[in-house]
Amino acid sequence: QSKEQRAASSPMLHEILLSLSGHPSALFDAHHGASHVTSSSVALLSPPEAELLSSLAHLSRLHRRTRDHVGKIAASHPSSICRAVATGISTHYLDEFQRKVLEVESRILKGDASTVGAYNIVPLAGIVNEFSEWTKLMEWLWYISNFMLVPEQSTDSSRKADNNAASGAELIDKLRTEAQTGYPDIESAAICLGTIAETSWLRQLSTWLLYGRLPSFGSSDFFIHREPEDDISFIADHKLLPKFVTRQTASSILFVGKSLNQIRSSKFQTGRSSTISELDLLPVHLEHLSQVTAPIASARLSEAVANIRISLSRNLLQHLLPLEKIVEILSLLHQFFLLGRGEFAVALIAEADDKVHSRHRAPPQKAGQGIQGVLLKEGEINNALSRAWSTLSALSGEDDTSDDALELATDMVHLSIQSFSSNRPGTPGRAKELATSLPRLTNISFNDLLLSIPTSLTMDIRSPLDLFVAKPDLEVYSFINAYLLASRRAHIHLAQLWRQSSIRREYPPPPGHQYSNSVYGKAILQRRRQRNNARTREARKVWATCSAAIFFLSESEAYFQGDVLEESFKHFLQWVSGPLEQGATLNKLGDSATATVSDASGQFRMSTTNDKLQHDPEALSFAHRQFLNSISYSLLLTDVVFTKTIREFFSHVDELVAFVTRLQTIRQNLDLEEDDGVEDFTKNYKREEEDVARELDRARRRLDSDMKSLLSRLRDIDAERGGTGPALSSADPRQESDYEPLRVGGIDRLLMKLDW
């Protein structure tokens, strides 16, 4: 080369190094988006030289774009985890790239033989070789930064349509996936950035686990949120949960934070000689959490969370939520939601029927109101429940226990109107949680039978009871209660037909012998007798169907209410009331949990093997949902065909009772016309009698068909289940004294009674 050409190479090297350092360069950026060298000043370069410069141009653009993009992420991203990773990219990898540029520049200035050749010539291929190892890594860093926040000029419509910013959990899962690669440099970078992300997530978690508070910054990215309508309730959003956190561990994390909130909000103080607060347990809990380091192992995190939960339950929660209060609430749910107190169902059904009949007997509403003028209002529904409470109070007498339960129910239980668009409890999403899944109830609704409007019995769950009874649990209770009330209501309505003498007997009775001795009187008696005999023959089929329906309802209620609900609840209550021996519990928890209890006891009190401990609230919640799963399965509420058929059966019972009552009213008016000459010229009772009698026969046939379908379905269920129980999830090994639901008798016990 000539001396002039060698002198011209120095400014080019200077421009290349400046461009690689992140400064804009006319050498590479004459035309935005070009993949090759675009400057006209170097148009005389040979194609190989231009190709070498194009690789440096690509690296320069990647560095500059990545630096600007991660800076934007670190300043404005809603996720603190993404901000931490962006800062890690900038301070570690981009700064290291800058140091590499300075190192190459230093070797050129010093004339290092590894970079500078003879006659002070710096080969362009040597410069490219120095930075070749950074191209793949810089492309990956640019890809990760785009994953965290899609650039505004990006054409990735799939991400921009939903959300252009990734969550911290998505980034953690992405980095763990990217670490499974064959490129060592990318694997190392993914592990390093994953450690930064998981450490940031652990800081968020520690705020919740140790203090019961949501993170002060980036709380929208944390998987636990406050419920919109309730500032003291929290829910878990599993979409924001990293994949290495199991559902059971997430449930325990939610429970620990909620417990700390309950303790702090209620200003809880124990009854021991030395006052214990949640801050006294902080060193022990911090020691457990400090054992979890990034990269996080799922088993290690689960163990630490379990130890914190057990320590909190043993030292504080069993005093915040005593066993007597738990048994009291469970008994209330059993008596009034599972109809363990039968007179409540009878009183509520009677008051509901009275309200519905009074509304239909009321004078016509204003024109234009339509069906809204017939439906009950919320005040009338609450009045019906209040009258039912008054009836129960009058029946309770001097029983103090019943009075206490009734007083508590009066204060906490109420009827609420459900919107027409709402369905039964939305459990499929929650059913993904294997260890704490709620039963998969069917979509068939029974809550519109009691008051002809969707109405559910609900209860106010107050702190600290919400530690083991949640709103989804109450929705399941409401669903079961609506089903049991519908069955009891149909039974009562059919039985009341026998109490109406005018339907079963000749009414009014025939006149005395003085009147019947005359020829005219004998003719009247003969005509009445023939008329009553014809009606009796017509009614035999109806009475036979009603008797069969009552028999079906009585036997099914005896099985569901007695064999299933009563026995299952007794078994569950026995498990709840049965105390735990601390020595046996520690053997199950392992060495780490033993150390926790010994540390806590060394600070607060000495624990002995003779101490009796109750189940902690999370274990109670787990067992409670297993109990609900078991009874829902045994009540056949998880079978779509059965629930649909029995829902039609209840509706057809109402139709049959209504037609029988209507037909009796029509025939009384006909008897007045024929016997006493009292006529109503606005009515054609003869035509109405024919129409109603025809509809009554159709209703009877539908009811017979329903009972046959129910029996057929019961036989199919018995064959399908084969005596097996519900598909309960395997209990978590950290749960002490795991509850196992009672295995009640199969459907064959009910079928033996119904096989007539």
Note on the range 672-690: residues open to solvent by less than 40 Å² (accessible area, probe 1.4 Å) and at pLDDT 75 or above are E689
Note: among D448, D460, just one is open to solvent by 20 Å² or more (accessible area, probe 1.4 Å), touching a residue at least 12 places away in the same chain (Cβ under 8 Å), on the phi < 0 side of the Ramachandran plot and of a type outside the set (G, A, S), namely D460
Restrict the check to the range 647-660 and report whether at least one residue is open to solvent by 20 Å² or more (accessible area, probe 1.4 Å), among the aliphatic types (A, V, I, L, M) and not in a helix (DSSP H, G or I).
-> no
Selection over the range 475-507 where residues are out of contact with any helix residue (DSSP H, G or I) (no Cβ under 6 Å at 6 or more places or on another chain), within 23 Å of G379 (Cα to Cα) and open to solvent by 20 Å² or more (accessible area, probe 1.4 Å) yields a count of 1
When restricted to K325, K377, K366, the only residue modelled with pLDDT of 85 or more, basic (K, R) and open to solvent by 50 Å² or more (accessible area, probe 1.4 Å) is K325
So, first residue under 30 Å from V660 (Cα atoms) in the range 515-537, second residue open to solvent by less than 100 Å² (accessible area, probe 1.4 Å) and of a type in the set (D, E), Cβ within less than 6 Å, six or more apart or across chains; the pairs are N532/E506
| query | Residue check: is V104 surrounded by fewer than 18 Cβ atoms within 10 Å (Cβ to Cβ) and of a type in the set (V, I, T)? | reply | no
Q: Tell me, please, whether a residue that is surrounded by 14 or more Cβ atoms within 10 Å (Cβ to Cβ), modelled with pLDDT of 85 or more and charged (D, E, K, R) can be found in the range 718-733.
A: yes
The residue from S200, S265, S259 that alone is polar (S, T, N, Q), surrounded by 22 or more Cβ atoms within 10 Å (Cβ to Cβ) and over 30 Å from E133 (Cβ atoms) is S259
Picking from R540, R531, the residue that is modelled with pLDDT of 75 or more and closer than 19 Å to E674 by Cα would be R531
Taking the range 217-246 and keeping only residues that are in contact with a strand residue (DSSP E or B) (Cβ under 9 Å, 6 or more places away or on another chain) and under 20 Å from I308 (Cα atoms), one is left with F223, I224, F234, I235, A236
Subset of the range 332-359, residues buried (at least 19 other Cβ atoms within 10 Å of the Cβ), small (G, A, S) and either in contact (Cβ under 8 Å) with a residue 60 or more places away in the chain or in contact with a Gly (Cβ under 6 Å, 6 or more places away or on another chain) (or both), comes to A345, A352
Exactly one of I444, I480 is part of a loop (DSSP other than H, G, I, E, B), at pLDDT 85 or above and among the hydrophobic types (A, V, I, L, M, F, W, C), and that residue is I444
Within the range 207-219, the count of residues that are part of a helix (DSSP H, G or I), open to solvent by less than 30 Å² (accessible area, probe 1.4 Å) and not aromatic (F, W, Y) comes to 2
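What number of residues within the range 297-325 satisfy the criterion of being hydroxyl-bearing (S, T, Y) and more than 20 Å from L279 (Cβ to Cβ)?
The number of residues fulfilling the criteria is 2.
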Among residues of the range 380-420 being touching a Ser or Thr at 6+ places or on another chain (Cβ under 9 Å), at pLDDT 80 or above and of a type in the set (S, T, Y), the residue farthest from S445 (Cα to Cα) is S393
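The values are calculated or read from the model by the stated rules, or taken from the named source; none is laboratory data. Here the structure is a predicted model, which means the values were calculated and not measured. Methodologically, a virtual Cβ is constructed for each residue, glycine included, from the backbone with ideal geometry; neighbour enumeration extends over all protein chains shown. Calculation scope for accessible area: heavy atoms of the full protein, side chains included, ligands and nucleic acids excluded. Shrake-Rupley method; radii C 1.70, N 1.55, O 1.52, S 1.80 Å.
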